[in-house]
1. Got a number for residues in the range 6-46 being closer than 17 Å to Ala96 by Cβ and of a type in the set (A, V, I, L, M)?
2. Does the range 141-160 hold any residues that are surrounded by 15 or more Cβ atoms within 10 Å (Cβ to Cβ) and aromatic (Phe, Trp, Tyr), and which are they?
3. Among the residues of the range 21-67 satisfying the criterion of being under 30 Å from Asn137 (Cβ atoms) and of a type in the set (A, V, I, L, M), which is farthest from the chain's Cα centre (by Cα)?
4. Which of the numbered conditions does Ala126 fail, given that it passes all the others? Conditions: (1) over 30 Å from the mean Cα position of the chain (by Cα); (2) among the small types (Gly, Ala, Ser); (3) surrounded by 15 or more Cβ atoms within 10 Å (Cβ to Cβ).
5. Could you list, in sequence order, the residues of the range 69-85 that are surrounded by 14 or more Cβ atoms within 10 Å (Cβ to Cβ), assigned to a helix (DSSP H, G or I) and touching a residue at least 12 places away in the same chain (Cβ under 8 Å)?
6. Being more than 30 Å from the chain's Cα centre (by Cα), in contact (Cβ under 8 Å) with a residue 24 or more places away in the chain and not in a strand (DSSP E or B) is the filter here, so list the residues in the range 149-166 that pass it.
7. Name the single residue, out of those in the range 94-117 being surrounded by 15 or more Cβ atoms within 10 Å (Cβ to Cβ), modelled with pLDDT of 95 or more and of a type in the set (D, E, K, R), that is nearest to the chain's Cα centre (by Cα).
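The values are calculated or read from the model by the stated rules, or taken from the named source; none is laboratory data. As the structure is a prediction and not an experimental result, all values here were calculated from the model. Don't worry about glycine lacking a Cβ; one is built from the backbone with ideal geometry, like all the others, and counts go over all protein chains shown.
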Amino acid sequence: MEAMEIEEKQAPLIEQYVKEASTLTDDSSLSNLIVDATSHPSLFAFSEILAVPNLLQLQGTEKSVYIDLLRLFAHGTWTDYKSNAADLPQLLPAQALKLKQLSVLTLAEANKVLPYDELLEALEVANVRELEDFLINECMYVGIVKGKLDQLRRCFEVQFAAGRDLRCGQLESMIQTVSNCSNVEFFIDQVLSALAGGNGEYLVDMLATSDNVLLMIQDKIKWAETMCEGDRNHRKEFKDRMEEVKKSLHSKGGKQHQQGGKQFRGHQDSIYCEFDGEMDYEDELSLSKRRRPPKYRP
């Protein structure tokens, strides 16, 4: 339910940025849009924006670093940024905050119990107090994660985490995980092994991970269906507009051709009478010139 709510809240924002990016052709305007999108406090998915064809024109230009920046926000983490900071634009405070929030989501995909030490290192936070404030105010309060802070065990127990944009090869891995868990014999063996070994934490983590994977796949299937429907509507609208333009051009061209023919026939008799039925080469050439309907160039 939480995942669906986040998808629904982001959908209008994603649609807004996709439409705007589709109309822009200037490199500076496109790079500014990327900065604005990656700074927005309520946007945490970027693959739809990254798929807009207009953005490809930034490749090979001085603005190409902004495409790399958008890819970083779609799939990367704060650690990735620090490793490649020299090749990327300097982040605004809002972008730095967003990337750290996304980094928490990435960590939560792999483990449901996140040690404070791991989070402190991954987010480059000074101390536990700042870390807990960040998790409460910038993650749980925003709604992208839900969980419990365990100060005694120095860890964050994740109960829910919003899914990030899928990376190449990630979907196949998720499908394999679900397929394994869908196999009753395999699943029972895993449960019995965990119980026999007294590994309750592993069992809980396995169940939680499977549930989260299923939710993520459901969300991505819904997103894919929405994008396919939007693409079909866009293609139909474009095709209809093209047909209207063609009909309009043919209609205007036909009228002009008819008018030109009438004028030619109307003047033909008077010309022949005036010149006793004889015309020189220039007169004949002038009569042979007829207005042609304009050619449609797509």
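1. Our first condition is that a residue be closer than 17 Å to Ala96 by Cβ; within the range 6-46, this holds for 34-44, 46.
Filter again for of a type in the set (A, V, I, L, M), leaving 34-35, 37, 43.
Total meeting the criteria: 4.
2. Listed by number, the residues that qualify are Phe156, Phe160.
3. By that ranking, first place goes to Val35.
4. Only one criterion in (1) over 30 Å from the mean Cα position of the chain (by Cα); (2) among the small types (Gly, Ala, Ser); (3) surrounded by 15 or more Cβ atoms within 10 Å (Cβ to Cβ) is unmet by Ala126, namely (3).
5. Leu69, Leu70, Arg71, Leu72, Phe73, Ala74, His75, Trp78, Thr79, Tyr81, listed by residue number.
6. Correct list: Arg154 only.
7. Lys98
Residue by residue, here is whether (1) surrounded by 13 or more Cβ atoms within 10 Å (Cβ to Cβ); (2) within 21 Å of Phe160 (Cβ to Cβ) holds:
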| site | (1), (2) |
| --- | --- |
| Pro12 | no, no |
| Leu24 | yes, no |
| Ser28 | no, no |
| Asn32 | yes, no |
| Val35 | yes, no |
| His40 | yes, no |
| Leu43 | yes, yes |
| Leu55 | yes, no |
| Gly60 | no, no |
